[in-house]
1. Do any helices (runs of 4 or more DSSP H) lying entirely in the range 310-427 carry at least 3 residues that are among the basic types (Lys, Arg), and which ones are they?
2. Restricting the search to the range 340-364, which residues are farther than 25 Å from Gln406 by Cβ and open to solvent by 80 Å² or more (accessible area, probe 1.4 Å)?
3. Out of Leu297, Leu314, Leu306, I need the residue that is in contact with a Pro (Cβ under 7 Å, 6 or more places away or on another chain), over 28 Å from Lys202 (Cβ atoms) and modelled with pLDDT under 85. Which one?
4. Only one residue in Thr218, Thr262, Thr249 is open to solvent by 60 Å² or more (accessible area, probe 1.4 Å) and either in contact (Cβ under 8 Å) with a residue 40 or more places away in the chain or within 30 Å of Leu154 (Cβ to Cβ) (or both), so which one is that?
5. Considering each of Leu182, Leu213 in turn, give the residue that is within 16 Å of Asp243 (Cα to Cα), touching a residue at least 40 places away in the same chain (Cβ under 8 Å), open to solvent by 10 Å² or more (accessible area, probe 1.4 Å) and assigned to a helix (DSSP H, G or I).
6. Here is a list: Ala512, Ala432. Which entry is open to solvent by less than 40 Å² (accessible area, probe 1.4 Å), closer than 21 Å to Ile363 by Cβ, at pLDDT 90 or above and small (Gly, Ala, Ser)?
7. Within the range 383-413, track down each residue that is surrounded by fewer than 20 Cβ atoms within 10 Å (Cβ to Cβ) and within 15 Å of Gln353 (Cα to Cα).
8. When the range 159-179 is examined, which residues are found to be in a helix (DSSP H, G or I) and of a type in the set (Asp, Glu)?
Amino acid sequence: DDLISQRASASTQGPPSVSSSNLFSPAPPLSLPIQIMLQPLTKRFRYHFYGNRQTNSIHKPEWYLTQVLKWMENSSTFMEEKIQPIFDQAGQTISAKVELCRGLVCVVQEKVASDASRMLYDDGLFCHLVEEVLQFEKDLRSHHSYPATLPGLLHILLEDAFLQKWLAVERKMAVEKMDAMLSAEGAWTSQYKDISDMDELKAPECAETFMTLLQVITERYRALPSPSAQLRFFGLQKELVDDFRIRLTQVMKEESRCPLGTRYCAILNAVNYISTILRDWGDNVFFLQLQQAVVSLGDQEVLGSLEMTEVGRLASLEGSLFDGLLSLLDRLKGDMLGRLLHFLMRDTAEKAQPYCQERWLSIPPPQDHSAMSLSSSACPMMLCVRDRLLNLHQVLSVSLFQLAWQGLAEKLDNFIYQEVILTNHFSDGGAAQLQFDMTRNLFPLFGHYCRRPENFFKHVKEACIILCLKVGSAILLKDLLKRSELETRDWEDAGDPSPESALNELGVFCLAPCDVLILLNLKASLPGK
């Protein structure tokens with residue numbers, strides 16, 4: 001009778017107000033038998049965890065949370081075997097085990113709300129309470145089959161004051177950890193550097209530690225029952241990534257005088273590692289669900305600066321929540337690679353000066369092609385390229401090294417074509433020597449990293465083909481190209497091959513007919529130049 005009268009008075013006063021209680025539909029009141037069974041447990045809980053008892057320690061929320069979980073565990077078999085059949089016989093669709101858990105959760109909710117309000121000005125205590133509540137929630141849902149539709153303890157932490165505090169603590173601790181990880185002694189070395197199979201990304205320790213930090217934050221907030229609250233934590237993660245990017249940029253500028261140095265390359269690996277992980281997260285189910293929540297809620301913190309087309313890409317899952325961050329990281333990566341290649345090419349060009357000034361016109365034709373050797377003036381350039389490639393292969397991640405050597409090959413192809421070939425005239429011996437230097441010495445340096453390195457030196461390869469043509473073939477080709485400049489006609493109907501098809505037969509696909517004419521004029525053996 002007392003319980004019935006308490007329930008009646010409670011219903012007239014309305015349910016206790018919790019700002020986030022609208023996340024869940026109002027639960028029906030506990031059945032009377034369960035309330036009666038809860039009375040001694042509630043009494044014991046209040047005796048031990050309220051007042052001046054030693055067990056009522058604000059520093060030890062795990063004491064009362066663990067006690068409640070023990071009561072649930074100890075009562076589980078009794079509720080299922082003894083009480084559940086009574087509910088079933090009465091035609092009640094009630095789980096006796098869940099009902100008892102619900103009653104105990106209500107008891108502990110009041111305690112958590114009370115303790116949390118006392119911890120708002122103590123970061124350490126509040127942080128500890130959050131960790132314990134998260135663990136309690138995990139055990140409650142996984143070990144005691146507590147339905148997701150019923151509120152646990154996490155919704156208490158969604159009250160504005162508690163949520164703001166949680167976010168502030170996360171931000172403060174993350175910034176402190178970033179300061180520590182970037183100043184640590186091994187910040188720029190990979191912890192897997194001696195294990196080649198595990199070191200494909202060559203991520204420095206600070207980058208791995210930072211992404212682990214973000215992952216831990218995700219694991220903490222992913223259990224929250226409110227998408228809007230989850231998005232606030234996601235916003236914090238975006239701030240942290242951008243902060244870390246800015247810090248990397250600052251360290252990079254200090255190291256930019258030596259782009260081939262270990263630390264500069266480690267920063268480049270860090271940027272690439274973070275980009276790779278964020279792209280993977282963009283396809284993760286949790287972040288895809290969060291992406292849909294952004295669109296459905298119209299979250300202005302995320303959508304505020306986006307155009308309608310970008311919002312549409314998010315809605316259709318073509319884009320990801322990380323696109324903005326990835327754009328900035330890719331820009332930084334591109335800038336750093338550009339600096340590295342510029343420095344690398346400047347060094348190589350300096351070593352190549354003797355080769356550019358080689359007297360190609362006076363080199364006699366080789367008597368025996370098998371006895372040919374590398375031009376002595378090319379040795380400094382070749383050694384420089386070899387050493388730089390070996391160094392980059394050791395310090396850059398696999399994907400970055402591929403971009404680096406391909407970028408170097410492209411720049412080297414253009415340099416040799418412009419500075420060696422187009423600025424000199426060639427005897428037949430000079431052309432043969434150039435082709436030998438390129439095909440038997442330069443191209444194989446890149447052959448360690450791909451099957452057909454000559455495909456990355458198209459200008460040089462095709463220029464060597466033209467310069468090494470026999471005199472008769474060169475005269476015929478030159479005549480054809482000159483006539484094609486003067487005449488506009490259908491070459492197939494005339495019975496003559498088109499300039500393009502003639503060049504293709506020789507293996508020239510990249511150079512235009514006008515470029516080939518210039519190269520033919522560089523052949524000293526060609527009459528009538």
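The values are calculated or read from the model by the stated rules, or taken from the named source; none is laboratory data. Please read all numbers here as calculations on a predicted model, not as lab measurements. Cβ coordinates were reconstructed from backbone atoms using ideal geometry, including for glycine residues, and neighbour counts include every protein chain displayed. Just the protein is used for accessible areas: all its heavy atoms, side chains included, with ligands, DNA and RNA removed. Shrake-Rupley method; radii C 1.70, N 1.55, O 1.52, S 1.80 Å.
1. 323-351
2. Gln357, Arg359, Leu361, Pro364
3. Leu297
4. Details: Thr218 fails: open to solvent by 60 Å² or more (accessible area, probe 1.4 Å); Thr249 fails: open to solvent by 60 Å² or more (accessible area, probe 1.4 Å).
One residue alone meets the criteria, Thr262.
5. After applying the criteria, what remains is Leu182.
6. Of Ala512, Ala432, the one residue that is open to solvent by less than 40 Å² (accessible area, probe 1.4 Å), closer than 21 Å to Ile363 by Cβ, at pLDDT 90 or above and small (Gly, Ala, Ser) is Ala432.
7. Leu383, Cys384
8. Once the filter is applied, which keeps residues that are in a helix (DSSP H, G or I) and of a type in the set (Asp, Glu), the range 159-179 yields Asp160, Glu170, Glu176, Asp179.
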